[in-house]
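Data block below; observations after.
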Protein chains: 2
Amino acid sequence: MSGPAPAVILVRPQLGVNIGACARAMLNFGLTDLRLVAPRDGWPNADAGPAASGADIVLEQAQVFDSVAAACAGLSLVFATTVRNRELTRRVVTPLQAASEFHGLPQQGGLMFGPERTGLETEDLAVAHAIVTIPVNPAFGSLNLAQAVLVTAYEWARQGSDQADAVLVNHDGPAPHEELEGLIAAVDEQLARNGYYNPVPGRAAAARLTMRNLFTRPEFSAGEVRTLRGIVRGLSKPRREG
Amino acid sequence: MSGPAPAVILVRPQLGVNIGACARAMLNFGLTDLRLVAPRDGWPNADAGPAASGADIVLEQAQVFDSVAAACAGLSLVFATTVRNRELTRRVVTPLQAASEFHGLPQQGGLMFGPERTGLETEDLAVAHAIVTIPVNPAFGSLNLAQAVLVTAYEWARQGSDQADAVLVNHDGPAPHEELEGLIAAVDEQLARNGYYNPVPGRAAAARLTMRNLFTRPEFSAGEVRTLRGIVRGLSKPRREG
C-alpha cells in the first residue's frame with residue numbers, strides 16, 4: 001500500500017550548504033526526490049556537493065521549479081513543515097502522523113520546507129493539504145533546515161512498511177496536485193469573469209487565497225476533483241443541448 | 001514513572017562546533033545533561049558556543065570526565081550509539097526501543113556517542129548496557145554526531161509527549177447544519193436550473209448525493225459556508241452593479 005518515498009520540496013532555499021545537508025539527511029533515510037523552488041543562488045550550487053557528504057545522487061536528480069504549485073505536480077498528500085499559522089485552517093499533525101499517512105497512501109506524498117530564516121509564507125502553505133509540526137521544546141525551538149528534514153525523513157523510514165491505521169475510509173488519496181490546480185484555476189477564471197473579486201486593492205488577493213484554501217483543505221480525491229469541475233461548469237452555465 | 005531526561009555522553013569529541021551542535025540538538029528536545037569524556041581540544045571550547053545557536057545553558061552546565069565509567073556515574077540504563085560491534089554481546093535496539101525503556105525507568109539513563117571519525121571503541125561500549133542503532137539506509141549511512149543525537153533525543157521527546165497526533169487549527173467547528181443545508185440547497189437549485197442533473201431516471205439522485213457528500217465531508221465552518229455561498233453566486237451570475 002505504501003507509495004514511493006515522499007518528495008522533499010525546499011521553497012526558496014538560501015544556502016547551498018543547507019541544500020547539500022538536506023540531501024544528506026534525506027538519503028540516510030531513503031528519500032531521493034528533491035525539488036527546489038526558486039533557490040536563491042540558482043542551481044546547481046557549488047556549495048551543495050561537499051555538504052551532501054556523498055549523497056550526490058540526490059543533488060544530481062534534483063529538479064528546479066519556479067512555483068510551489070509546480071513543484072507539487074504529481075504528488076498526492078503534501079505536508080508543510082512550519083510552526084502554526086494564524087491565517088489558514090489546516091490540520092496540524094506530528095511527524096509520526098504525517099509518516100503514517102504517507103505509508104497509508106499508494107501515491108507519492110511531499111514534505112515542504114521554507115527558507116532558512118523566514119519559513120514558509122501563507123501563500124506557500126495554502127498549497128499544502130496540512131501542516132506538520134515537529135514537537136520541539138517550547139522554550140527552545142531551533143531546528144535548522146536539514147535537521148527538520150532529518151526528523152521527518154527518519155519518521156518515514158522508521159515506520160517502514162508497517163501498516164498505518166486508515167485515517168480516512170473509502171478515499172483513494174488526494175488528487176494529483178495539478179488536477180487540484182486545474183479546479184482552482186477553473187473556479188478562479190469563472191469568478192473573475194463574473195466580477196466576483198472585489199476591485200479594492202489587496203482584497204482580490206485575499207479572496208483568491210480564501211478560495212484556494214477552501215478547495216485545498218478537504219484533500220479531494222481525483223474523482224472528487226472531476227465532479228467538482230463538473231459542478232463548477234454546472235453552476236456557471238446551462239448545459240448545452242445534445 | 002519516567003525519570004529525568006537522559007544524559008548525553010560524548011566520548012572524546014574532536015570539534016567544538018560538533019559539541020555545540022549536539023547541545024543545540026539536545027535542547028530542542030528537552031535534554032540538558034551533557035557529559036564530555038576527554039574532549040580532544042579541552043573544555044571550554046570557543047567554537048562550541050556559536051554552533052549551539054542559543055543552547056548556552058547546556059554548554060555552561062556540561063561536565064568533563066576523564067573516563068567513560070566516571071561519566072556514567074549516577075546513571076541507570078546506558079545505551080551506546082554505534083553500528084554493531086563484533087566483539088561484545090549486547091542487546092541492539094532501535095531509538096524507539098531505547099526511548100521506551102528510558103520512559104519506563106524512574107532513574108535517569110544515558111546515551112553515549114563516540115568520536116566523529118572513529119566511533120566508540122570496544123572498551124567504551126563495554127561500559128554501556130546495550131547498543132542503540134539508528135536504522136539508516138543500508139546503502140548510505142552518513143549521520144554526523146549532532147544528527148545522531150537529534151534522532152535519539154527526538155524519540156525520547158516524542159514518546160514523552162502527550163501531544164495529539166493531529167489537530168485542526170484556526171477552525172471554529174462545522175457550521176450549524178441548517179447553514180450547510182442552505183449551501184447545498186443553493187448549489188442544487190442552480191445546478192438544476194442549468195440542467196446539470198442528468199434526466200435519466202435514478203441518475204439525478206446519485207448526482208445529488210455525490211454533490212452533498214462533497215460539501216459535507218470537509219466540515220466547513222459557518223464562515224466558510226458563507227464564503228462558499230458567495231462563490232456559488234459568483235460562479236452563477238455576474239455581480240450586480242451598484
(Q) Here is a list: B:Val58, B:Val92. Which entry is assigned by TED's automatic domain parsing to the domain that holds B:Ala157 and outside any helix (DSSP H, G or I)? (A) B:Val92
Q) So which residues in the range B:125-171 are more than 23 Å from A:Gly20 (Cβ to Cβ), in a loop (DSSP other than H, G, I, E, B) and free of Cβ contacts under 8 Å to residues at least 24 places away in the same chain? A) B:Ser161, B:Asp162, B:Gln163, B:Ala164, B:Asp165, B:Asn170
Q. Only one residue in B:Pro106, B:Pro13 is in the same structural domain as B:Asn144 (by TED's automatic domain parsing), in contact (Cβ under 8 Å) with a residue 24 or more places away in the chain and more than 18 Å from B:Ala128 (Cα to Cα). Which one?
A. B:Pro106
Q: Could you list all residues from the range A:187-242 that are in contact with a Phe, Trp or Tyr (Cβ under 7 Å, 6 or more places away or on another chain) and modelled with pLDDT under 80?
A: A:Arg239
Q: Please enumerate the residues belonging to the range B:154-196 that are closer than 23 Å to A:Glu101 by Cα and polar (S, T, N, Q).
A: B:Gln159, B:Ser161, B:Gln163, B:Asn170
Q) Pick from the range B:103-147 the residues that are touching a strand residue (DSSP E or B) at 6+ places or on another chain (Cβ under 9 Å) and among the β-branched types (Val, Ile, Thr): which of them is most open to solvent (accessible area, probe 1.4 Å)? A) B:Val127
Q. Quick one: which of B:Leu168, B:Leu145 is in contact with a Cys (Cβ under 9 Å, 6 or more places away or on another chain) and either at the interface with another protein chain (Cβ under 10 Å from one of its Cβ atoms) or under 30 Å from A:Val149 (Cβ atoms) (or both)?
A. B:Leu145
Q: Looking at (1) over 21 Å from the mean Cα position of the chain (by Cα); (2) part of a strand (DSSP E or B); (3) closer than 17 Å to B:Gly30 by Cβ, find the lone condition where B:Leu111 falls short.
A: (1)
Q. Does A:Leu27 fit the bill of being closer than 17 Å to A:Phe113 by Cα and within 15 Å of the chain's Cα centre (by Cα)?
A. no
**Q.** Candidate set: the range B:150-165, residues that are more than 7 Å from chain A (Cβ to nearest Cβ) and not polar (S, T, N, Q); chosen: the one surrounded by the fewest Cβ atoms within 10 Å (Cβ to Cβ)
**A.** B:Asp162
(Q) I need the full set of residues from the range A:184-226 which are among the β-branched types (Val, Ile, Thr) and open to solvent by 40 Å² or more (accessible area, probe 1.4 Å), in order please. (A) A:Val200, A:Thr210
Q. So which residues in the range B:198-227 are more than 7 Å from chain A (Cβ to nearest Cβ) and within 15 Å of A:Val232 (Cβ to Cβ)?
A. B:Ala207, B:Phe215
Q: Look at B:Gly230 and say whether it is facing another protein chain (nearest Cβ under 10 Å) and open to solvent by less than 20 Å² (accessible area, probe 1.4 Å).
A: yes
Q) How many residues does the range A:1-18 contain that are open to solvent by less than 30 Å² (accessible area, probe 1.4 Å), in contact with a strand residue (DSSP E or B) (Cβ under 8 Å, 6 or more places away or on another chain) and part of a loop (DSSP other than H, G, I, E, B)? A) 2
(Q) Being within 14 Å of another protein chain (Cβ to nearest Cβ) and part of a helix (DSSP H, G or I) is the filter here; which residues of the range A:19-48 pass it? (A) A:Gly20, A:Ala21, A:Cys22, A:Ala23, A:Arg24, A:Ala25, A:Met26, A:Leu27, A:Asn28
Q. Within the range A:65-85, is even one residue within 14 Å of chain B (Cβ to nearest Cβ), assigned to a helix (DSSP H, G or I) and crowded, with 17+ Cβ neighbours inside 10 Å?
A. no
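The values are calculated or read from the model by the stated rules, or taken from the named source; none is laboratory data. If you're wondering where the values come from, they're calculated on a predicted model, not measured in any experiment. As a convention, Cβ positions derive from the backbone with ideal geometry for all residues, glycine included, and neighbour counts pool all protein chains shown. Heads up: the accessible areas ignore ligands, DNA and RNA and are worked out on the full protein's heavy atoms, side chains in. Shrake-Rupley method; radii C 1.70, N 1.55, O 1.52, S 1.80 Å.
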